[in-house]
Amino acid sequence: MLPRTIVCAVASAAMALVASAAGAHEQEARPAPSLSAAPHLAVIRHAPDFSLIDVSGRQVRLADLRGRVVLLAFIYTGCQDACPLLSHRMALLQARLAKNGLSADRVQLLSVTVDPEYDTAAVLARYASDFNAKAGWLFLRESPERLSPVLTAYDEWRKRVPNGELDHPARLHLIDAAGRVREIYSLAFFDERQAYLDIVALTRSDPP
């Protein structure tokens, strides 16, 4: 098995390569999906509350984000494939939201590490910087003991595989302003263009 430092160096190089791709070119290269400007986003369940720490040490509680649409993702910085791709698409989404005037007081992106033993605040801060994360996109962590119930609540299991990486579902949860899960995306079906349309639909819907 490769030493952790080598694995992380390779992962960082891959992440930087993915993140540096021009958003417009990346979007043009992908086949145009069947996008829906009027998505049907049924209420799936109430989003379990949590309190985690951002890279500056500030407590971030999901309940305090009521009134905003939240997109919640689970990642880890040592991942070499799925997580950099997911984070790149979230970076494209962040840029699209900003371009269309959907600021952090209306939409909040959250990325929670599933590997808190390695992903210190400093490591997460570097990762966030690599993807040009702005104020509307927070990267969160906690001690393994405090994080475990959050992962369980969101059915985010994790398993160490022989090459030293973590296997985990890499799902994203779209939460409305009332704190209800309205969509769950798998990485295979996560397209930031549809996510943008879904978010717009939720910001335009009347409060419950």
Practice prompt. Would you mention how many residues in region 52-69 are touching an Asp or Glu at 6+ places or on another chain (Cβ under 8 Å) and touching a residue at least 60 places away in the same chain (Cβ under 8 Å)?
Written response: 7
Fill in: Failed condition for Asn132, given (1) under 14 Å from the mean Cα position of the chain (by Cα); (2) under 25 Å from Ala42 (Cα atoms); (3) not charged (D, E, K, R)
(2)
Worksheet entry | Cβ-Cβ under 8 Å pairs, at least 6 apart or on other chains, region 156-179 side without any contact (Cβ under 8 Å) to a residue 12 or more places away in the chain and farther than 17 Å from Pro116 by Cβ, far side of a type outside the set (Ser, Thr, Tyr) and surrounded by fewer than 17 Cβ atoms within 10 Å (Cβ to Cβ) | Val161/Asp167
Worksheet item: Among the residues of region 91-113, how many are closer than 30 Å to Glu145 by Cα and either at pLDDT 95 or above or more than 15 Å from the chain's Cα centre (by Cα) (or both)?
Response: 8
Item to complete: Would you mind finding the one in Lys134, Lys99 that is more than 21 Å from Ser186 (Cα to Cα), surrounded by fewer than 20 Cβ atoms within 10 Å (Cβ to Cβ) and without any contact (Cβ under 8 Å) to a residue 24 or more places away in the chain?
Response: Lys99
Item to complete: Return the residue satisfying two criteria in turn: it lies in region 162-182 and is surrounded by fewer than 19 Cβ atoms within 10 Å (Cβ to Cβ) and within 15 Å of the chain's Cα centre (by Cα), and of such residues it is farthest from Ile199 (Cα to Cα).
Response: Pro169
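The values are calculated or read from the model by the stated rules, or taken from the named source; none is laboratory data. This one's a predicted model, so the numbers in the text were calculated from it and none came from an experiment. No Cβ is skipped: glycine too gets one built from the backbone with ideal geometry, and neighbour counts run over all protein chains shown.
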